[in-house]
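Read through the structure below, which is laid out as structure tokens, and then see the notes.
The values are calculated or read from the model by the stated rules, or taken from the named source; none is laboratory data. These numbers come from a predicted model, not from an experiment. Methodologically, a virtual Cβ is constructed for each residue, glycine included, from the backbone with ideal geometry; neighbour enumeration extends over all protein chains shown. The protein model used for the area step is the full one, side chains on, heavy atoms only, and it has no ligands, DNA or RNA in it. Shrake-Rupley method; radii C 1.70, N 1.55, O 1.52, S 1.80 Å.
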Amino acid sequence: MNWVVSIWAGVAVLGFALVFSVPRRTLPAIVVIAIGAHLVRSVCLELGATLPTASLVAAIGVGLAAVIVAPVTHQATPIFAFAPVIPLIPGTYMFNALTGVLDLTTGHATTTSAIVDTAVVDASIATLTIVALAVGAISPTLLVGRHVARLLVNSPEE
Amino acid sequence: MTDLADALDLSLEVGELIQLSGGHTTRTIDSMERMAAALGAQESHVAISSVNVAITVVAGDEKATAGRHAGHFGINFNTLTQIERLVSETEVNRLAPAQVRSRLTLIRNAGRIYPVWVVMLALGGSSAAFAVLFGASPAAASLAFLGGWAGAWVRHMLVARRLQPFVSVSSAAFVSALIVAGGGEVLGLDDTLTAALAASTLFVVPGVPMLNGTADLLTAHYLNGMVKLAMSAVIIVAAAVGLSLAVSLAGALS
């Protein structure tokens, strides 16, 4: 496994963090969480997990990190929960599903079945992965965010 | 203005700012109710739709209801943080309505933290990083940087002209993909161009609305959740249209 590639997840998250007007001093934490999430997903994939399952595990890790770091740093939870999962979006699967659909318009009857199979598989993996990322990133905030915040700083942060 | 009128008005202001800045429905409701209580309301009831916020506050025999339009989904996490801090401070330190109003005005007028050109460069960097993550070669990743940077500028300029998301997103995706696909043809890149193409248009993916929509569904705010997910679907379709047009055009010209 190429661990160094995960560092690029930290670069990928920076652009989105700036678009979202994330405060400057929170950027290092977001980069670290994004790299960590990518590493977790890579390890899960190495252990044989499917992409949606590996992404769910990584996103839950991001969500848990967010509910701990946000109240300690007095920031809103979405800063740490939302941006770091964006590098986990399955871009190539989304692209392949789209190009598969476009290939159907060429009308080559002999290859249509294979194209449909590939496009459906890619679209299913992409959709399930995105759902897994959303559910994983947001669940810790909704389930334990308030309780963790009270434990950590005794304030009503979400 | 009476105390109840202050609670009503300032809670609405809080709700509007959270909606405008990309907060999910539970966060909006929670912050509005906390602000109303901190300003003297004994009871409050919040109603949030995709484009409106409304609240009823009760204190003794008095009751008042008001609503506001809050329709656009710009994302500004710094505003969310500032609002969260203000609500907490109002609860703990019992800030006066005038102080809360003045802080809210500052938050509303704060604007963006980073200069536009820095954000655009960073989005280009994100596109290149995505390309590397997807397995692109250095040359393909460079094209992704250029495509992402140019596409981000296009979207920024079209959004500034208040064009509909379908137009701004499809145009941005078209420009990004055309640069990558055209550049790939010129440079003779084949193997990893797919990764660069996919990466160059990812800056338009509506990550926050998708996450907020999911959060709304998981917290039983079904209508708001469906609206956010529908908006995300429109944006993804728009990106797909721009991307496919560019790929077709580049293929036809080669």
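Just a few scattered comments:
- Near B:Arg101, once Lys and Arg are set to +1 and Asp and Glu to -1 for all other residues with Cβ below 9 Å from its Cβ, the sum equals -2.
- In chain A, the alpha-carbon atoms span a convex hull of 121 Å³ per residue.
- Pairwise FRET efficiency - A:Val116 versus B:Ser102, Cβ, R0 = 51 Å, nearest 0.05: 0.25
- Pairwise label distance in nanometres, A:Thr106 with B:Tyr222, each label 7 Å out on the Cα-Cβ vector: 4.3
- The heavy atoms of A:Phe16 offer some 10 square angstrom of accessible surface to a 1.4 angstrom probe.
- J(HN,Hα) series, segment B:86-97, from Karplus relation 6.51 cos²θ - 1.76 cosθ + 1.60, nearest Hz, glycine and proline x: 5, 4, 4, 5, 5, 5, 7, 9, 6, 4, 6, x
- Cα-centre dipole for chain B with unit charges at Cβ (Lys and Arg positive, Asp and Glu negative), debye to 20: 520
- Inter-part distance where segment B:119-189 and segment A:89-142 are each reduced to a Cα centre, Å: 21
- Percent of alpha-carbon pairs separated by more than 22 Å within segment B:116-253: 39
- The phi torsions of segment A:33-49, fed into the Karplus equation with coefficients 6.51, -1.76 and 1.60 and a -60° offset, translate into couplings of 5, 5, 5, x, 5, 5, 5, 4, 5, 4, 5, 4, 5, 4, 7, x, 6 Hz, rounded to whole numbers, with Gly and Pro shown as x.
- 1.4 Å probe, heavy atoms, protein only - residues of segment A:83-102 losing at least 20 Å² accessible area vs chain alone: A:Ile86, A:Pro87, A:Ile89, A:Gly91, A:Thr92, A:Met94, A:Phe95, A:Leu98, A:Leu102
- Of the three principal axes defined by the Cα atoms of the protein assembly as shown, the extents in descending order read 76, 44, 39 Å.
- Chain B, relative contact order in percent, only Cα pairs under 8 angstrom and at least six apart counted: 17
- Summed over both chains, the contact between B and A buries some 4200 Å² of accessible surface at a probe radius of 1.4 Å.
- Overall dimensions of segment B:3-109 as given by Cα atoms, namely Rg and Dmax in Å: 12.4, 39
- Average Cα contact separation per residue, segment A:5-111, under 8 Å, 6 or more apart, as relative contact order %: 28
- Counting all C-alpha pairs of segment A:28-88, share separated by more than 17 Å (%): 33
- Solvent-accessible surface (1.4 Å probe) assigned to B:Asp9 amounts to roughly 40 Å².
- Paramagnetic label zone (point 7 Å from Cα along Cα-to-C-beta, B:Val234; backbone N under 18 Å) in segment B:193-224: B:204-214, B:223-224
- Compared with the rule-of-thumb size 2.2 N^0.38 Å for a compact globular protein, segment B:1-50 has a Cα radius of gyration ratio of 1.06.
- Working note: Cα atoms of segment B:181-254, range along each principal axis, descending, whole Å: 51, 19, 13.
- Figure legend: label point modelled 7 angstrom from the Cα of A:Arg24 along Cα→Cβ; no residues of segment A:78-96 have amide N under 18 Å from it.
- Within the accessible area of chain B (1.4 Å probe), percent carbon and sulfur: 63
- Largest first and in whole Å, the equivalent-ellipsoid semi-axes of segment B:107-192 read 27, 16, 9, each the square root of five times a Cα gyration tensor eigenvalue.
- Rounded to two decimals, the Cα-based Rg/Rh of chain B, with Kirkwood Rh, is 1.11.
- Accessible surface comparison of A:Ile138, B:Ile75, probe 1.4 Å, protein chains only, largest first: the order is B:Ile75, A:Ile138.
- Note on segment A:83-146: Kirkwood radius taken over Cα pairs, Stokes-Einstein applied at 10 °C and 1.306 mPa s, translational D equal to 119 µm² s⁻¹.
- Relative contact order of segment B:45-165, defined on C-alpha pairs under 8 angstrom at six or more residues apart (%): 14
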